């Protein structure tokens, strides 16, 4: 029997929406209030800091994903840079763990939104959602990406709706003081808020893991990463400005559904629609994480670093079924064992570590293994700054926790 392989079915629009859906996710629908609780008047600056750290690593991913368009992206990058199998395997498992905890958190977020409409235990609805997404991801990458694209348009539409109804408040914002430190929160509050805001920007790294299923990957992948980051950043900053111009920091931080509050106070009709879109956003984030995790397991197995069965591709669906259901099971276990806040913090910390290694890998490749490549390249200062900023933010959080 011939060996089945992944098929190149994903184009620029689908890939951009796939990445954008993961970046937007459900995080922004609740994170505006949480960040405001720490950063106060510096909430906008906290998002800008988080965006800057994410953007530096996004540029590194743009070059690396074009150089090595394969599944298990960061593991392959680190192996090309350092030639250490144990490091690459460890990094891959950490990346999968980050996707698992992120999806588990999103599943709980979905359950929380759903409980506003139906009296059903969050744990039960979370598990049911994960099972449904696993079946969807197992059916095929084309179906999964198309579903993610549709869900992305819905969640993006919800954010644009909040901006539209609050457009009159954009002129009331004090833009001149964006970069002035709020003495009531200080550096500690600003950086803690930036750490939380960082969670809202992760997601583009998952795009690289479907590299073997992208058409014209060396051109499409970097372009899609850039587009998804530009769109999400623009939307986020407008959401923050509208939110801070509509309600006080205390109101925002004390709300469990801050965007619904902002939408309602700006005269939006049927505020429950934001809760529904929040459910859509959570489901979309899980779809993307499920694909990422399964493709990473597949990629590690294909490299010969894990059990070969995880690298088997079903001939009918052209998807790695064993890898997909393994990731789904781990997501279910995580969502049943850990609370949402802990899952979000773990995810941010793990991804910061991964981003640091990605930047370090590109630095090493450029300095010691560089050769002319027929793809996008970035100046070496970009991964250097990316490495320093990721380690700094992660190191500060370790200091706070200790």
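The values are calculated or read from the model by the stated rules, or taken from the named source; none is laboratory data. None of the values given here were measured: they were computed from a predicted structure. So basically every Cβ, Gly included, is an ideal-geometry build from the backbone, and we count neighbours across all protein chains shown.
Please state which of the following conditions residue 216 fails to meet, knowing it meets all the rest: (1) within 14 Å of residue 14 (Cα to Cα); (2) touching a helix residue (DSSP H, G or I) at 6+ places or on another chain (Cβ under 8 Å).
(2)
Given (1) surrounded by fewer than 20 Cβ atoms within 10 Å (Cβ to Cβ); (2) in contact with a helix residue (DSSP H, G or I) (Cβ under 9 Å, 6 or more places away or on another chain); (3) part of a helix (DSSP H, G or I), identify the lone condition not met by residue 187.
(2)
Can you confirm whether the range 212-220 contains a residue that is at pLDDT 85 or above and either in contact with a strand residue (DSSP E or B) (Cβ under 7 Å, 6 or more places away or on another chain) or surrounded by 16 or more Cβ atoms within 10 Å (Cβ to Cβ) (or both)?
Keep residues of the range 212-220 that are at pLDDT 85 or above, which gives 220.
If we keep only those that are either in contact with a strand residue (DSSP E or B) (Cβ under 7 Å, 6 or more places away or on another chain) or surrounded by 16 or more Cβ atoms within 10 Å (Cβ to Cβ) (or both) too, we end up with 220.
Yes, the range 212-220 contains a residue that is at pLDDT 85 or above and either in contact with a strand residue (DSSP E or B) (Cβ under 7 Å, 6 or more places away or on another chain) or surrounded by 16 or more Cβ atoms within 10 Å (Cβ to Cβ) (or both).
Check the range 8-30 and report whether any residue there is in a loop (DSSP other than H, G, I, E, B), modelled with pLDDT under 80 and surrounded by fewer than 24 Cβ atoms within 10 Å (Cβ to Cβ). Give the steps one after another, and end with the answer.
Start the filter on the range 8-30 by keeping residues that are in a loop (DSSP other than H, G, I, E, B), which leaves 8-9, 11, 25-27.
Right, trim to modelled with pLDDT under 80 and you get 8-9, 25-27.
Within this subset, residues satisfying the condition of being surrounded by fewer than 24 Cβ atoms within 10 Å (Cβ to Cβ) are 8-9.
Within the range 8-30, one or more residues are in a loop (DSSP other than H, G, I, E, B), modelled with pLDDT under 80 and surrounded by fewer than 24 Cβ atoms within 10 Å (Cβ to Cβ).
Go through the residues of the range 125-144 one by one and say whether even a single one is surrounded by fewer than 16 Cβ atoms within 10 Å (Cβ to Cβ), under 21 Å from residue 210 (Cβ atoms) and modelled with pLDDT of 90 or more.
Yes, there is a match, as at least one residue in the range 125-144 is surrounded by fewer than 16 Cβ atoms within 10 Å (Cβ to Cβ), under 21 Å from residue 210 (Cβ atoms) and modelled with pLDDT of 90 or more.
Is there a residue in the range 339-348 that is modelled with pLDDT under 95, part of a loop (DSSP other than H, G, I, E, B) and either on the phi < 0 side of the Ramachandran plot or in contact with a strand residue (DSSP E or B) (Cβ under 8 Å, 6 or more places away or on another chain) (or both)?
Looking for residues that are modelled with pLDDT under 95, part of a loop (DSSP other than H, G, I, E, B) and either on the phi < 0 side of the Ramachandran plot or in contact with a strand residue (DSSP E or B) (Cβ under 8 Å, 6 or more places away or on another chain) (or both), one finds at least one in the range 339-348, hence yes.
Could you tell me whether the range 257-269 includes any residue that is assigned to a helix (DSSP H, G or I), more than 16 Å from residue 200 (Cβ to Cβ) and out of contact with any helix residue (DSSP H, G or I) (no Cβ under 8 Å at 6 or more places or on another chain)?
The answer is yes; a qualifying residue exists.
Name the single residue, out of those in the range 287-312 being under 13 Å from the mean Cα position of the chain (by Cα) and either under 12 Å from residue 326 (Cβ atoms) or modelled with pLDDT of 85 or more (or both), that is surrounded by the most Cβ atoms within 10 Å (Cβ to Cβ).
Let us first name the residues in the range 287-312 that are under 13 Å from the mean Cα position of the chain (by Cα), namely 287-293.
Cutting the leftovers down to either under 12 Å from residue 326 (Cβ atoms) or modelled with pLDDT of 85 or more (or both) gives us 290, 293.
Numbers: 290: 24, 293: 28.
Top of the filtered list is 293.
Take the range 306-330 and flag every residue that is farther than 10 Å from residue 293 by Cβ, assigned to a helix (DSSP H, G or I) and in contact (Cβ under 8 Å) with a residue 40 or more places away in the chain. Break it down stepwise before answering.
If we filter the range 306-330 for residues that are farther than 10 Å from residue 293 by Cβ, which is where we start, we get 306-322, 325, 329.
Right, trim to assigned to a helix (DSSP H, G or I) and you get 308-311, 321-322, 325, 329.
Correct list: 321, 325.
Given (1) farther than 23 Å from residue 55 by Cβ; (2) surrounded by fewer than 20 Cβ atoms within 10 Å (Cβ to Cβ); (3) without any contact (Cβ under 8 Å) to a residue 40 or more places away in the chain, identify the lone condition not met by residue 260.
(2)
Does residue 201 count as under 18 Å from residue 46 (Cβ atoms), assigned to a loop (DSSP other than H, G, I, E, B) and either at pLDDT 90 or above or in contact with a strand residue (DSSP E or B) (Cβ under 7 Å, 6 or more places away or on another chain) (or both)? Explain how you work it out, then say what you get.
Details: under 18 Å from residue 46 (Cβ atoms): yes; assigned to a loop (DSSP other than H, G, I, E, B): yes; either at pLDDT 90 or above or in contact with a strand residue (DSSP E or B) (Cβ under 7 Å, 6 or more places away or on another chain) (or both): no.
In short, no.
Got a sec? Which of 353, 360 is touching a helix residue (DSSP H, G or I) at 6+ places or on another chain (Cβ under 8 Å), modelled with pLDDT of 90 or more and surrounded by fewer than 21 Cβ atoms within 10 Å (Cβ to Cβ)? So that I can check it myself, show each step before the final result.
Details: 360 fails: surrounded by fewer than 21 Cβ atoms within 10 Å (Cβ to Cβ).
Of 353, 360, the one residue that is touching a helix residue (DSSP H, G or I) at 6+ places or on another chain (Cβ under 8 Å), modelled with pLDDT of 90 or more and surrounded by fewer than 21 Cβ atoms within 10 Å (Cβ to Cβ) is 353.
Being closer than 30 Å to residue 313 by Cα, touching a residue at least 40 places away in the same chain (Cβ under 8 Å) and crowded, with 22+ Cβ neighbours inside 10 Å: is that true of residue 203 here?
yes
Would it be correct to say that residue 384 is at pLDDT 95 or above, under 21 Å from the mean Cα position of the chain (by Cα), surrounded by fewer than 21 Cβ atoms within 10 Å (Cβ to Cβ) and farther than 16 Å from residue 199 by Cα?
Details: at pLDDT 95 or above: yes; under 21 Å from the mean Cα position of the chain (by Cα): no; surrounded by fewer than 21 Cβ atoms within 10 Å (Cβ to Cβ): yes; farther than 16 Å from residue 199 by Cα: yes.
No: the conditions fail for residue 384.
Does at least one position in the range 236-253 carry a residue that is in a helix (DSSP H, G or I) and within 30 Å of residue 298 (Cα to Cα)? Break it down stepwise before answering.
Let us first name the residues in the range 236-253 that are in a helix (DSSP H, G or I), namely 236-246, 249-253.
Going one step further and asking which of them are within 30 Å of residue 298 (Cα to Cα), we end up with none.
Scanning the range 236-253 turns up no residue that is in a helix (DSSP H, G or I) and within 30 Å of residue 298 (Cα to Cα).
Please determine whether any residue of the range 76-92 is buried (at least 21 other Cβ atoms within 10 Å of the Cβ), out of contact with any strand residue (DSSP E or B) (no Cβ under 6 Å at 6 or more places or on another chain) and outside any helix (DSSP H, G or I). Spell out the reasoning first.
As a first pass, look at the range 76-92 and keep what is buried (at least 21 other Cβ atoms within 10 Å of the Cβ): 76-79, 81, 88, 91-92.
Imposing the further condition that a residue be out of contact with any strand residue (DSSP E or B) (no Cβ under 6 Å at 6 or more places or on another chain) reduces the set to 76-79, 81, 88, 91-92.
From what is left, the residues that are outside any helix (DSSP H, G or I) are none.
No, the conditions are met nowhere in the range 76-92.
Name, by its number, the condition in (1) more than 16 Å from the chain's Cα centre (by Cα); (2) under 18 Å from residue 332 (Cβ atoms) that does not hold for residue 102.
The one condition residue 102 does not meet is (1).
Quick one: residue 52 ticks every box in (1) surrounded by 23 or more Cβ atoms within 10 Å (Cβ to Cβ); (2) under 30 Å from residue 254 (Cα atoms); (3) modelled with pLDDT of 90 or more; (4) within 16 Å of the chain's Cα centre (by Cα) bar one, so which box is it?
In the conditions (1) surrounded by 23 or more Cβ atoms within 10 Å (Cβ to Cβ); (2) under 30 Å from residue 254 (Cα atoms); (3) modelled with pLDDT of 90 or more; (4) within 16 Å of the chain's Cα centre (by Cα), residue 52 misses (1) alone.
Within the range 162-184, work out how many residues are touching a helix residue (DSSP H, G or I) at 6+ places or on another chain (Cβ under 7 Å) and either within 18 Å of residue 262 (Cβ to Cβ) or part of a helix (DSSP H, G or I) (or both). Spell out the reasoning first.
Taking the range 162-184 and keeping what is touching a helix residue (DSSP H, G or I) at 6+ places or on another chain (Cβ under 7 Å), we get 162-163, 165-166, 169-170, 172-173, 178-179, 181-182, 184.
The next check asks that each one be either within 18 Å of residue 262 (Cβ to Cβ) or part of a helix (DSSP H, G or I) (or both); those that pass are 162-163, 165-166, 169-170, 172-173.
Here the count works out to 8.
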